[in-house]
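Student: Structure in structure tokens, see below.
Every number in this text was worked out from the coordinates using simple rules, so none of it is lab data. The structure displayed is predicted, hence computed values, not measured ones. All Cβ positions, glycine included, derive from the backbone under ideal geometry; neighbour counts span all protein chains shown.
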Amino acid sequence: MSSIVAEDVVVDFPVYGAAHRSLRTSVLRAAIGGAFPSDGSEGITVRALDGITFKFREGDRIGLLGHNGSGKSTLLRVIAGAYEPTRGRIDVQGRIASMIGITLGLDYEATGYENIFLLGAVMGRSRQQMHECLDDICSFADLGEFVYIPARTYSSGMLVRLAFAVATSFPADIVLMDEWLSVGDAQFALKAEARLGALLDKAKILILASHSEELVHRTCNRVMRLAHGKMVSLEATGGSA
């Protein structure tokens, strides 16, 4: 049974070298919600998430809405396991496919072939698992002989095609997306949309961070609103997701 349970999750990021009385510090506190460290040391702490608690179950399609800096991307990264909570607990049950920064982990000096395994490692996949889906990835990315030359020679579109092919190569129980993914030229985008749709259809839980109210209400059945790292509300949207 797939699920995501968060209990009083707090994520703090230290900012060093900021004087307590500086204008920069005052603006940061007002705009983002930073807090001074209690030990009186130099620097401030930006609280990116502040006491987030929720339970997501199978069938949930969650839309995250909020202004820039509200905590949407940080929450996705906590769920993905990229960030550890400073305080609180998060328990994730199920295989995750993360569409957050899909090119993260690319080595531009390595070949496309080698990067398939590097990206797979970032996803937590074994070399054997990557070998099993190697033909599918190469076929979908459609890089031809370029797959055997360094990624630094690739266009930005080729890099995204390779990363997208790897990111969507395994079925997942939980899919995390930071904005709806749009990749490549028109022809590849149609193929990518179909592949992404198939991945989402099989997923038990979707979490989509977006600035688009219309997209969230069309795609999701619940919406979480965030502001300055706090959860403002969690409610049904009426979406069919």
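Student: So if I average 1/r over every pair of distinct C-alpha atoms in region 201-241 and take the inverse, what Kirkwood radius in Å does that give? Please report the intermediate quantities before stating the final value.
Tutor: Working: mean 1/r = 0.0918 Å⁻¹.
One decimal place: 10.9 Å for the Kirkwood radius.
Student: With springs connecting C-alpha atoms under 10 Å apart, model the chain as a Gaussian network and identify which of Ala121, Ala80, Ala186 has the largest mean-square fluctuation.
Tutor: In the Gaussian network model the winner is Ala186.
Student: Further question: Hey, got the dipole for the chain? About the Cα centre, +1 on K and R Cβ, -1 on D and E Cβ, debye to the nearest 20?
Tutor: Numbers: 24 positive and 27 negative charges, 133 e Å.
So the magnitude is around 640 debye.
Student: With springs only between Cα atoms under 10 Å, which of Asp50, Asp12, Asp185 fluctuates most in a Gaussian network model of the chain?
Tutor: Asp185
Student: Okay, moving on. Please give the net charge around Ala151, taking every other residue with its beta carbon less than 13 angstrom from that of Ala151, where Lys and Arg add +1 and Asp and Glu add -1.
Tutor: Details: positive: Arg152, Arg161; negative: Asp107, Glu109, Glu114.
Net of charged neighbours comes to -1.
Student: Then there's this: Multiply the residue separation of Arg218 and Thr111 by 0.36 nm, subtract the distance between their alpha-carbon atoms, and state the gained length in nm to one decimal. Write down the numbers at each step before the final one.
Tutor: Values: separation 107, 0.36 × 107 = 38.52 nm, distance 3.93 nm.
Extra length available between Arg218 and Thr111 comes to 34.6 nm.
Student: Three principal axis extents, largest first, for the C-alpha atoms of region 166-241, in Å?
Tutor: Its Cα atoms span 39, 25, 23 Å along the three principal axes.
Student: Divide by every residue of the chain the summed helix terms, -39500 (n - 2.57) for each DSSP H run of at least 4, and state the resulting mean residue ellipticity at 222 nm, rounded to the nearest 500 deg cm²/dmol.
Tutor: Working: 8 runs with 80 residues, N = 241.
Only helices count here, giving -9500 deg cm²/dmol.
Student: Using only Cα atoms, locate the centre of region 135-202 and the centre of region 80-108, then give the distance between them in Å, rounded to an integer.
Tutor: So the separation of the two Cα centres works out to 19 Å.
Student: Find which of Leu215, Gly197, Gly124 sits farthest along the positive direction of the dipole of the chain, computed with +1 on the beta-carbon of Lys and Arg, -1 on that of Asp and Glu, about the Cα centre.
Tutor: It is Leu215, whose Cα lies furthest towards the positive end.
Student: Along the three principal axes, how long is region 91-165 when you take its alpha carbons, biggest first, rounded to the nearest angstrom?
Tutor: If we take the Cα atoms of region 91-165, the spans are 41, 24, 19 Å.
Student: Across 10 Å bins from the origin, how do the percents of Cα pairs in region 41-118 run, short distances first?
Tutor: Using 10 Å bins, I get a P(r) of 13, 38, 29, 18, 2 for region 41-118.
Student: Nearest 20 debye, what's the magnitude of the dipole of region 69-168 about its Cα centre given +1 on Lys and Arg Cβ and -1 on Asp and Glu Cβ?
Tutor: Working: 9 positive and 10 negative charges, 121 e Å.
So the dipole magnitude of region 69-168 works out to roughly 580 debye.
Student: Let me ask something else. Using the basic label-point model (7 angstrom from Cα toward the beta carbon), what is the Ser139 to Ala227 distance in nanometres?
Tutor: About 5.1 nm separates the two model spin labels.
Student: Right, another one. If one computes P(r) from the Cα atoms of the chain, what percent of pairs lie at distances over 25 Å? Show your work: numbers first, answer last.
Tutor: Working: 14048 of 28920 pairs.
In whole percent, the share of Cα-Cα pairs in the chain beyond 25 Å is 49.
Student: Taking the Cα-to-Cβ direction at His67 and at Glu7 and moving 7 Å from each Cα, how far apart do the two end points lie in nm?
Tutor: Result for the modelled spin labels: 3.3 nm.
Student: Cross-link partners among lysines for Lys230, C-alpha distance below 23 Å, same-chain residues fewer than 8 apart left out?
Tutor: Here the lysines satisfying the reach criterion relative to Lys230 are Lys55, Lys72.
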